[in-house]
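Undergrad: For reference, the structure I am asking about is given below.
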Amino acid sequence: MRHHSILDGLSVLLVLVLAGCSTHADRLREVRAEFYAGSVETARIKLDGFIKQHGREANCFKMDRAVVELAAGRPREAEQIFREVRNSLEHFEQKSLVESAGSMVTDDTVTAYSGEDYERILVRAFLALANLMNGGDDARAYSLQVTDLQERIIQAGQDESGQNLKLAYKRVALGAYLEGALREASPMDASDAARSYVKVCNWEPNFPFGRADVERAAHGHHSRQGNGVLYVFALVGRGPYKEQKEETAATIAMLVGDRIVSYTGKHTLPPTLATIKVPKVVVSYNTTHGVQVWIDGQSAGGTATITDVGQLATQQNEAIYPQVLGRAVARRIAKKGVAYGVKEAAKISNNSLTNLAVDVAGVAWEASEKADCRCWGLLPHQIQVLRIEVPAGEHRIGLSPVGSHGMLSAQETTVRIADGRNTYMLATFADGKLLGKVLTSEAGSRQ
């Protein structure tokens with residue numbers, strides 16, 4: 001009877017663990033297909049359904065929902081969602097002991113999603129961009145949060161051994177750039193603007209406008225009399241996402257280890273037949289490389305990358321990969337320890353059918369693991385910007401995506417430039433086309 005109760009308990013556990021086949025990656029694939037096909041509103045409807053149905057994935061889908069709102073020309077709604085997600089991720093960062101224990105029994109998908117480090121930083125960057133399109137009252141505060149949070153994340157990355165894998169993190173220059181742009185518009189803040197631009201040069205040395213920005217803020221002027229400044233921000237390409245990767249080398253090492261214990265120990269261990277699974281960041285090939293800007297039919301230059309999101313996500317994933325893999329291996333060891341403990345407590349003989357049943361249950365338990373592929377799936381591949389000094393007044397602004405096959409037709413928007421002030425534009429381009437609408441700070445201030 002005792003053996004039967006143990007097996008019954010394992011069976012119930014397996015039913016709970018194996019329930020459901022669809023994954024976050026499957027659902028995200030649907031959303032990405034609609035969004036990048038230009039069906040922005042269809043993507044919104046799908047996201048609303050997933051947010052209601054899959055609570056542990058809600059923060060991921062809310063970040064995607066906010067991107068959809070931006071593309072649809074609704075910056076106020078986007079800012080509200082980003083602010084909600086920012087606060088939620090901060091709350092879930094402090095994972096409960098119950099959740100941590102539960103993830104060792106099943107996998108990391110049972111925990112509340114607290115966001116990857118780059119996602120938490122970029123939420124604040126997108127808050128600043130959304131706010132710029134909606135009056136800009138809080139944009140400076142959000143841009144400061146970008147710089148502050150990434151420093152706190154890096155400083156908190158030291159583990160018990162004193163090693164800090166996060167020291168290798170690439171800094172996000174967008175926050176410092178936005179801070180510099182906002183400060184430069186005020187003559188009293190020019191020196192602070194110059195310091196912000198110095199950070200941009202240090203963190204994004206390939207940004208072609210960085211040195212000129214430092215020089216202008218330190219020794220020049222915001223704009224000549226009768227002119228204003230237009231900032232064109234472009235969200236370019238399909239961004240990174242996560243896929244499940246099988247760690248063959250670690251799996252073989254685990255199999256060798258459990259066979260040694262099985263041959264030399266008092267009890268056998270379930271053999272490692274299922275591969276160890278971990279999440280891996282994937283970056284799509286992008287055909288859109290940048291955006292050419294036209295003012296009243298005349299070329300004004302092309303946007304340049306201020307933050308390479310694909311590179312950022314990949315680099316951070318590689319930096320902490322030893323920890324991710326270590327946790328997956330520790331989970332396997334813990335599960336084998338449970339199986340061994342069951343056999344020891346029940347005094348199960350190695351040659352019995354009950355021993356075989358426990359091993360089979362253990363193999364199935366391990367095979368049920370899924371890599372935690374939850375992520376912010378509608379990030380752009382790159383965030384680009386172009387700063388242009390323009391005479392005050394009304395102008396026709398054209399935006400032409402530039403890709404592998406040359407320049408495509410321009411999307412035109414009329415913008416009014418104010419003397420001595422900044423005006424902002426934001427547009428999303430992927431696969432050689434505009435997704436949704438072109439946003440302007442002028443329109444946002446009238447919402």
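Any read-out appearing in this document is the output of simple, stated calculations on the displayed coordinates, not a laboratory observation. Fair warning: this is a prediction, and the values are worked out from it, not measured in the lab. So basically every Cβ, Gly included, is an ideal-geometry build from the backbone, and we count neighbours across all protein chains shown.
Undergrad: If amide H atoms are built 1.01 Å from N in the plane of the peptide, which residues on other chains or at least 5 residues away come under 5 Å of the amide H of residue 242?
TA: The answer is 282.
Undergrad: For the chain, what does -39500 (n - 2.57) per DSSP helix run (n ≥ 4), summed and divided by total residues, give at 222 nm, in deg cm²/dmol to the nearest 500?
TA: So the helix-based figure for the chain works out to -16500 deg cm²/dmol.
Undergrad: Dipole magnitude of the range 382-447 about its Cα centre, charges +1 at Lys/Arg Cβ and -1 at Asp/Glu Cβ only, in debye to the nearest 20?
TA: Charge dipole of the range 382-447: 120 debye, to the nearest 20.
Undergrad: Report, in debye and to the nearest 20, how large the dipole of the range 131-269 comes out about its Cα centre when Lys and Arg carry +1 and Asp and Glu carry -1 on their Cβ.
TA: 260 debye
Undergrad: Straight-line reach from residue 437: which aspartates and glutamates have Cα under 20 Å away, leaving out those fewer than 8 places along the same chain?
TA: Here the aspartates and glutamates satisfying the reach criterion relative to residue 437 are 34, 41, 64, 69, 77, 79, 296, 394, 412.
Undergrad: Here's a follow-up. Find the lysine pairs in the range 170-308 meeting two conditions, Cα atoms under 24 Å apart and a separation of 8 or more places or different chains, and report how many there are.
TA: 8
Undergrad: Place a +1 charge on the Cβ of each Lys and Arg in the chain and a -1 charge on the Cβ of each Asp and Glu, then give the dipole magnitude about the Cα centre in debye, rounded to the nearest 20.
TA: 640 debye
Undergrad: Find which of 73, 353, 210 sits farthest along the positive direction of the dipole of the chain, computed with +1 on the beta-carbon of Lys and Arg, -1 on that of Asp and Glu, about the Cα centre.
TA: Towards the positive end, the residue furthest out is 353.
Undergrad: If you don't mind, there's one more thing I want to ask. Give me a comma-separated list of calculated 3J(HN,Hα) values for the range 40-48, in order, Karplus coefficients 6.51, -1.76, 1.60 applied at θ = phi - 60°, integers in Hz, x for any Gly or Pro.
TA: Values per residue, Gly and Pro as x: 4, 5, 5, 4, 4, 5, 4, 4, 4 Hz.
Undergrad: How many angstrom lie between the Cα centre of the range 172-216 and the Cα centre of the range 50-66?
TA: Comparing the Cα centres of the range 172-216 and the range 50-66, I get a distance of 34 Å.
Undergrad: Still on this structure: Charges on Cβ only, +1 for Lys and Arg, -1 for Asp and Glu, centred on the Cα centroid of the chain; of 54, 319, 241, which one is farthest towards the dipole's positive end?
TA: Farthest towards the positive end: 54.
Undergrad: If you average over every viewing direction, what projected area does the convex hull of the Cα atoms of the range 139-245 give, in nm²?
TA: Quarter of the Cα hull surface area: 9.7 nm².
Undergrad: Expressed in whole Å with the largest first, what are the equivalent ellipsoid semi-axes of the chain derived from the C-alpha gyration tensor as the square root of 5 times each eigenvalue?
TA: 51, 22, 18
Undergrad: Evaluate the range 286-355: find the radius of gyration of its Cα atoms, find its Kirkwood radius, and give the ratio Rg to Rh.
TA: 1.55
Undergrad: Say the dipole of the range 106-210 comes from +1 at the beta carbon of Lys and Arg and -1 at that of Asp and Glu; which of 149, 161, 194 then lies farthest toward its positive end?
TA: The residue sitting most towards the positive pole is 194.
Undergrad: Please report, largest first and rounded to whole Å, the three semi-axes of the ellipsoid equivalent to the range 214-361, where each semi-axis is the square root of five times an eigenvalue of the C-alpha gyration tensor.
TA: Computed over the range 214-361, the values are 61, 15, 11 Å.
Undergrad: Please build a GNM for the chain, connecting alpha carbons under 10 Å apart, and tell me which residue among 382, 158, 80 fluctuates the most.
TA: Checking each option, the largest mean-square fluctuation is seen for 158.
Undergrad: Please enumerate, by chain and number, the aspartates and glutamates with C-alpha under 17 Å from the C-alpha of residue 370, excluding those fewer than 8 residues away in the same chain.
TA: Straight-line reach from residue 370, under 17 Å: 26, 57, 99, 107, 108, 243, 246, 247.
Undergrad: Sticking with this structure for a sec: On a straight-distance basis, which lysines could pair with residue 52 in a cross-link, Cα separation under 21 angstrom, same-chain partners fewer than 8 positions away excluded?
TA: By straight Cα distance, residue 52 reaches 62.
Undergrad: Counting only DSSP beta bridges with both residues in the range 2-444, what percent are antiparallel, rounded to the nearest 5?
TA: 85 percent
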